[in-house]
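The values are calculated or read from the model by the stated rules, or taken from the named source; none is laboratory data. Remember, predicted model here, so these are calculated numbers, not experimental data. Please note: Cβ atoms are built from the backbone with ideal geometry, for glycine as well, and neighbour counts cover all protein chains shown. In case anyone asks, the SASA skips ligands and DNA or RNA and just uses the protein heavy atoms, side chains included. Shrake-Rupley method; radii C 1.70, N 1.55, O 1.52, S 1.80 Å.
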Amino acid sequence: SMDDDKKNDNDKNTNEIQTHYIFLVHGWLGNSLEMSYIESAIVNQVQKSATTSAAAQKSRVIVHSVTANNGRTTDGIAKGGIRIAQEIQNFMKEDVKAYTKLSSSSLSLSSSPSPMAHQASISFVGNSLGGLYSRYALSCIPTQLDIPSMKIVLHYNIFCTTVTPHLGVASNTYIKLPRFMEHVIGNVLLSTGRDLFRVDSSGTTSSSINNENKSKKQQQHEQEQEQPQNYHTVDDLIYTMAVDEIFITPLMSFSKRLAYINAFGTDFQVPTSTAAFLDSESTYPHYVIEATSFSNTSTTGSGDGDDDDGEKSSFIATK
């Protein structure tokens, strides 16, 4: 069947991977050092796997914490995403060139020439705003990178975000704010704040533009109806990234997509709703899974859980 053929192709590509790249992307007002713990954890796990797995010994795993946005997280999601995309491409090109040169020098004259294509997988771990930066960066990274006498063919592996405000923070603040306050805060936080609060560069939204042509009585009546506000702005990047194929298509290409959230509703900066795509108008099914101890359950919380004294955990999942 076509599904089987696709699976076989994926398995073949996975077996051919020469380098696995894992890019760590920090969040707002952060720097690459904040990702150092997860970087060391991944490296330690890779080293353990290399001693027990034959497959792990055949390919390299390179973990890189991006630095392009160190001290530069207030000029908007787009600019930050573009910087990250450029750094990632340059990093992979330089790494493959150095690796190929080293490999070639170790070959004897009778050995076969180096392959013309270097197969590489890419994975992302984006923390908070770093998840949005990563999503934007994907729209700028081609599936193939060209370097002298070789090309780097990219395969999408895992895309992971931790408490990322995927829906922005307009109407998704920890404490409900009136829209005019969101405008004020968004502008105070400069371009990135305007992106997150979905306020366009002129400080107006489509809803406020429409209100200019309405009487105060009409506006008051609509507010009394408590209808959901339209936060789609003239240049609403959050909305565009959620619907435009240039952003959606790369995400669909990943083997796995994970979004880690605070399911207990205690995150002040990134509430559960925006990190878990829980839009009030969405009809897509979400459900809560209760689990008792990670060691006795699967990642979907469907294990036997024989240890009644285990730690209780909750997961918000989608089908």
**Message:** Restricting to region 173-189, name every residue that is under 21 Å from Thr74 (Cα atoms) and β-branched (Val, Ile, Thr).
**Reply:** Thr173, Val184, Ile185, Val188
**Item:** Candidate set: region 61-84, residues that are in contact with an Asp or Glu (Cβ under 7 Å, 6 or more places away or on another chain), among the small types (Gly, Ala, Ser) and in a loop (DSSP other than H, G, I, E, B); chosen: the one least open to solvent (accessible area, probe 1.4 Å)
**Value:** Gly76
**Request:** Name every residue in region 276-291 that is loosely packed, with under 10 Cβ neighbours inside 10 Å and either hydroxyl-bearing (Ser, Thr, Tyr) or not in a loop (DSSP other than H, G, I, E, B) (or both), in order of residue number.
**Result:** Ser280, Thr283, Tyr284, Tyr287
**Prompt:** In region 239-255, is there at least one residue being over 20 Å from Tyr133 (Cα atoms) and hydroxyl-bearing (Ser, Thr, Tyr)?
**Reply:** no
**Message:** Residues that are at pLDDT below 95, under 27 Å from Ser255 (Cα atoms) and either open to solvent by less than 20 Å² (accessible area, probe 1.4 Å) or not polar (S, T, N, Q) (or both): does region 100-107 have at least one?
**Reply:** no
**Fill in**
Quick count over region 161-196, residues being under 17 Å from Pro271 (Cα atoms), among the hydroxyl-bearing types (Ser, Thr, Tyr) and either open to solvent by 30 Å² or more (accessible area, probe 1.4 Å) or outside any loop (DSSP other than H, G, I, E, B) (or both), is 5
**Prompt:** Can Lys151 be described as open to solvent by 20 Å² or more (accessible area, probe 1.4 Å) and either farther than 30 Å from Thr19 by Cβ or not in a strand (DSSP E or B) (or both)?
**Reply:** no
**Asked** If you scan region 244-275, which residues turn out to be among the small types (Gly, Ala, Ser) and either in contact (Cβ under 8 Å) with a residue 60 or more places away in the chain or not in a loop (DSSP other than H, G, I, E, B) (or both)?
**Response** Ser253, Ser255, Ala259, Ser273, Ala275
**Prompt:** Given the structure, is Asn10 modelled with pLDDT of 50 or more and closer than 27 Å to Lys97 by Cα?
**Reply:** no
**Item:** Verdict on Val46 being of a type outside the set (Ser, Thr, Tyr), modelled with pLDDT of 85 or more and under 16 Å from Ser134 (Cβ atoms)
**Value:** no
**Message:** Cβ-Cβ under 6 Å, sequence separation 6+ or interchain: first residue in region 146-175 and over 15 Å from Gly126 (Cα atoms) and touching a residue at least 60 places away in the same chain (Cβ under 8 Å), partner in a strand (DSSP E or B) and open to solvent by 30 Å² or more (accessible area, probe 1.4 Å). Which pairs?
**Reply:** none
**Request:** Please enumerate the residues belonging to region 75-96 that are among the small types (Gly, Ala, Ser) and out of contact with any Cys (no Cβ under 8 Å at 6 or more places or on another chain).
**Result:** Gly76, Ala78, Gly80
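Residue-by-condition table, conditions (1) at pLDDT 75 or above; (2) farther than 30 Å from Leu154 by Cα; (3) not charged (D, E, K, R):
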residue	(1), (2), (3)
Lys256	yes, no, no
Pro271	yes, yes, yes
Ser280	no, yes, yes
His286	no, yes, yes
Ile289	no, yes, yes
Ser302	no, yes, yes
**Request:** Please tell me if Ser65 is modelled with pLDDT of 95 or more and either within 17 Å of the chain's Cα centre (by Cα) or within 25 Å of Leu145 (Cα to Cα) (or both).
**Result:** yes
